[in-house]
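Chemist: I have a structure I would like to understand better, so I am pasting it below and will then ask my questions one at a time.
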Amino acid sequence: MSIRCDHCSLEYPEDVMIKDDGKNFCCKGCQGVYHLLQEEDLNSFYNKKGDEKLDPVKQYDDDIRRFDLDGFTDKYVTKKDGLNEVSLILEGIHCAACVWLNEKVLDKQDGIIDVYINFTTHKAKIKWDDSQIKLSQIITLIRSIGYNGYPYDAKINEERAYKERKEYYTKMIIAIFASMNVMWLAIARYLGYFSGIDEQMKFNIHLAELFLSTPTLFYSGLVFFKGAYFGLRNKIVNMDLLVASGATTVYLFSLWALFTGNGEAYFDSVTMIITFILIGKFLEVKSKKNAIDTLDTLTATLPVQVTVIENGEKRVKAIEDVKEGEILEIKAGERVVFDCEVLSGETSIDVSSLTGESIPEVVSVNDKILGGSSNIDGFITAKVLKDYKASTLYSIISLLEDALSKKPKIEEKANELSEHFSIVILSLAFGTFLGWLYFGDSVETAVVVSVSVIIIACPCALALATPIATVIGIGTAAKKGILFKGANYIETMAKADVLVLDKTGTITKGKPVVKEEEKFGDYSKEILASILKKTNHPIAKGVDSYLATASNLDVSLKEIKARGVEGVIDNEIFYGGNIDFITSKGIFFDKDLKSEYSHFVFANEKEILAIFYLSDEIKEGAKEAIEFIKSKGVEVVIATGDRDKIAKSVGEEVGIEKIHSKLLPNEKADLIDRYKKDGKVVVMTGDGINDTIALAKSDIAIAMHSGADTSIDVSDVVLLQSSLENLRDAFIVSKRTYSFVKQNLLISLVYNALTVPVAIAGYVIPLVAALSMSFSSLLVVGNSLRIKNESPLKK
């Protein structure tokens, strides 16, 4: 005879069990964990675990000391403020009780400062004081309670997410296949009631429906049974319980009706209930954001090695091995990994990935460069100010990881109502059964009437109210070039209080254009165009586009990195670049330049011929789109890394009063946090790597399709047209769709309020109840289709 282990709940032959004070254990590991939990007063774990089976406690023969080695620490452990932090994947997590147990045991341990375990990803972030406890001791503690921890590996979460999506997809396909076929059978059966059908044919149809509904209920619908079970175990009555109980009751009643010949079978209702609601569940699973993919994409842009100069010799080192104070050689086109100080050379640095500043910065000796910048055109040597794990870029990656792992989930409106709805309907059905028995009717009649109550009130309409409307809303948005990654994001966006806009690439085009030209003498546009076409600097390209002049002149060009160009045409020298470069050539200039613009100065050997003032051009329709969004009660603000005057100039042009300028990525995220602490629903729109932390912190993250891949990955919504008009349409679609969600919920509740009393009174047989239930679902679907009838642009 097999009996269950009192710790892991797995069954083994009784003769192999370890007997201990009336308890049975499959191994010494389970026995030891059981007594440990008793000693630590954590025996409530078994109440939370219920019948959930665990893996038996394993014995490990690996060298636990490897977790304390310098190589392991350098690779996986982050040190900050005297504390260590590590991310582990916990093996053996089966349910919320497992998470609870690990957090409780680790929290009780001296030296462990903070523990956060994500049940969805099985990822644990542990912060500890290395002077009090070693990581090897923490791993030993985790193993002692039947689990295991190993360094976080992105592939683990990627495989789990893919497996979950694949499982839902398979279940949904089976359910859809069964539903399509069972409805053909149901049509034949319903028509037979009017045109005539013999009992044998009716039995055969029901039997075929049984074979189709059984895998739909018990395989495709298994997720609802699990949800109901865990809900009840945690004293929560959820919609999963109503779906599972309603579908199971109808299934069992239909079995009874099929094999006794009494009453009607409703296998078609079972199949449709599971299929419709499973589709909504699949959309939820598919819309989950994979934080690992985003972080991998961000990390993939980094070089794995850099060139270090030691004693006059160059050698290649892994970025993890580079220490503070070492000298780097950084060539044009290379990414700067570390925060560093320029020792020699001069170059233009692209800091748009950090600050959003579209105009490259010129750096020379003694200037500081932040990790994450890109060297555009020069050759420099630089001293490392911080090692990689203390750099600005690494902190961005870490903050992004934290923001993604703790991002709150938005609850569907239908689920907000489901607990009360489920309790009421189940109570009414049971009360109906008892009432009809009490007043002397047969058990069969009581069952038929109570089943009618469950069928007629079955949550198809309520469950469809949100997903059907949002799916149609998503389709409507997609036709406008707006991609919502999940149905729930529509609801959240409809409730938005604040819209935070990045400037560069979001409000503006991200390309400098000439706003003003100041002439000081006659000059040949052909000569200037010939010079400009020889350089790839963004400022030069902006002036060249402004001139729009063809040129075929032979130019001998010398480019002075980060300063300007020197061109010789027909033995005459011309200069182009910033004012410092021009004056360094002995050309006098005593006027003030307009500080709200970037500038390009063109001169010959004697005098300045022209000054071009450039700024980033505002996108078409931006002002009108922002005015529309503001008219809907949404506060609109700018958060940018650009200078104050440039940011204010853009704000004035598009009608935005609140400007937050000169912000680093983490400061943008702090701004989002402040709004959220005030209870605001925050939408963030950006297009660069520098926006990813703020995007991840926001309630709704919107990325421009033309932006960086990382911002697109972390986003909830992608605007394919990369315009603020597209953003305006996203607000329109979300608000319109959400209004239909509320209408659908009202329809389903009113339907139940009218039909349930009639069913309780016994005036509705299960067949009519099933048709009525289908009608309510069709009513909700039909109402949702009206979302497509009017273009959001006209609303």
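The values are calculated or read from the model by the stated rules, or taken from the named source; none is laboratory data. Not measured: the values here are computed from a predicted model. Here Cβ is always computed from backbone atoms with ideal geometry, including for glycine, and neighbour counts include all displayed protein chains. In case anyone asks, the SASA skips ligands and DNA or RNA and just uses the protein heavy atoms, side chains included. Shrake-Rupley method; radii C 1.70, N 1.55, O 1.52, S 1.80 Å.
Chemist: Considering only segment 564-575, how many residues are charged (D, E, K, R) and open to solvent by 70 Å² or more (accessible area, probe 1.4 Å)?
Modeler: Looking only at that region, the number is 2.
Chemist: Here is a follow-up. How many of the residues in segment 191-202 are modelled with pLDDT under 80 and open to solvent by 70 Å² or more (accessible area, probe 1.4 Å)?
Modeler: 6
Chemist: Which residues, counting only those in segment 52-75, are modelled with pLDDT of 80 or more and touching a Ser or Thr at 6+ places or on another chain (Cβ under 9 Å)?
Modeler: Matches in segment 52-75: F67, D68.
Chemist: Hey, among V555, V514, which residue is open to solvent by less than 30 Å² (accessible area, probe 1.4 Å) and under 41 Å from the mean Cα position of the chain (by Cα)?
Modeler: From the options V555, V514, the qualifying one is V514.
Chemist: Tally time: how many residues in segment 704-717 are open to solvent by 10 Å² or more (accessible area, probe 1.4 Å) and either of a type in the set (D, E, K, R) or at pLDDT 75 or above (or both)?
Modeler: Selection size over segment 704-717: 2.
Chemist: Additional query: So is F520 under 30 Å from N604 (Cα atoms), open to solvent by 50 Å² or more (accessible area, probe 1.4 Å), modelled with pLDDT of 80 or more and of a type in the set (A, V, I, L, M, F, W, C) or not?
Modeler: Considered against the rule, which asks whether it is under 30 Å from N604 (Cα atoms), open to solvent by 50 Å² or more (accessible area, probe 1.4 Å), modelled with pLDDT of 80 or more and of a type in the set (A, V, I, L, M, F, W, C), F520 comes out as yes.
Chemist: Given the conditions (1) out of contact with any strand residue (DSSP E or B) (no Cβ under 8 Å at 6 or more places or on another chain); (2) part of a helix (DSSP H, G or I), report the number of the one that I582 does not fulfil.
Modeler: Only one criterion in (1) out of contact with any strand residue (DSSP E or B) (no Cβ under 8 Å at 6 or more places or on another chain); (2) part of a helix (DSSP H, G or I) is unmet by I582, namely (1).
Chemist: Shifting gears a bit: Looking at segment 203-217, is at least one residue small (G, A, S), within 30 Å of S427 (Cα to Cα) and either modelled with pLDDT under 70 or touching a helix residue (DSSP H, G or I) at 6+ places or on another chain (Cβ under 9 Å) (or both)?
Modeler: Yes, segment 203-217 has at least one match.
Chemist: Moving on to the next point. Being at pLDDT below 80, out of contact with any His (no Cβ under 8 Å at 6 or more places or on another chain) and more than 28 Å from T506 (Cα to Cα) is true for just one of L771, L746, L754. Which residue is that?
Modeler: L771
Chemist: Quick check, is M684 at pLDDT 90 or above and touching a Leu at 6+ places or on another chain (Cβ under 9 Å)?
Modeler: yes
Chemist: Still on this structure, please answer the following. Please work out which residue is surrounded by the fewest Cβ atoms within 10 Å (Cβ to Cβ), limiting yourself to segment 266-302 and to residues that are modelled with pLDDT of 60 or more and part of a loop (DSSP other than H, G, I, E, B).
Modeler: Among residues in segment 266-302 that are modelled with pLDDT of 60 or more and part of a loop (DSSP other than H, G, I, E, B), the one surrounded by the fewest Cβ atoms within 10 Å (Cβ to Cβ) is L302.
Chemist: Determine, yes or no, whether S452 is out of contact with any Cys (no Cβ under 7 Å at 6 or more places or on another chain), farther than 30 Å from S348 by Cα, open to solvent by 10 Å² or more (accessible area, probe 1.4 Å) and at pLDDT below 80.
Modeler: No.
Chemist: Quick one: what pairs do we get from segment 576-602, first residue crowded, with 20+ Cβ neighbours inside 10 Å, second of a type in the set (V, I, T) and assigned to a loop (DSSP other than H, G, I, E, B), C-beta under 8 Å, 6+ apart or different chains?
Modeler: From residues that are crowded, with 20+ Cβ neighbours inside 10 Å, the pairs are S598/I359.
Chemist: Of everything in segment 175-190 that's open to solvent by 60 Å² or more (accessible area, probe 1.4 Å) and within 36 Å of the chain's Cα centre (by Cα), which residue is modelled with the highest pLDDT?
Modeler: Checked segment 175-190; the qualifying residue modelled with the highest pLDDT is F177.
Chemist: Being buried (at least 16 other Cβ atoms within 10 Å of the Cβ) and at pLDDT below 80 is true for just one of G345, G263. Which residue is that?
Modeler: One residue alone meets the criteria, G263.
Chemist: Would you mind finding the one in G356, G371 that is open to solvent by less than 20 Å² (accessible area, probe 1.4 Å), modelled with pLDDT of 60 or more and closer than 30 Å to K541 by Cβ?
Modeler: G371
Chemist: Confirm whether K561 is open to solvent by 60 Å² or more (accessible area, probe 1.4 Å), out of contact with any Lys or Arg (no Cβ under 7 Å at 6 or more places or on another chain) and at pLDDT 90 or above.
Modeler: no
Chemist: Which numbered condition trips up I133, out of (1) more than 30 Å from D70 (Cα to Cα); (2) surrounded by 14 or more Cβ atoms within 10 Å (Cβ to Cβ); (3) at pLDDT 90 or above?
Modeler: All conditions pass for I133, except number (1).
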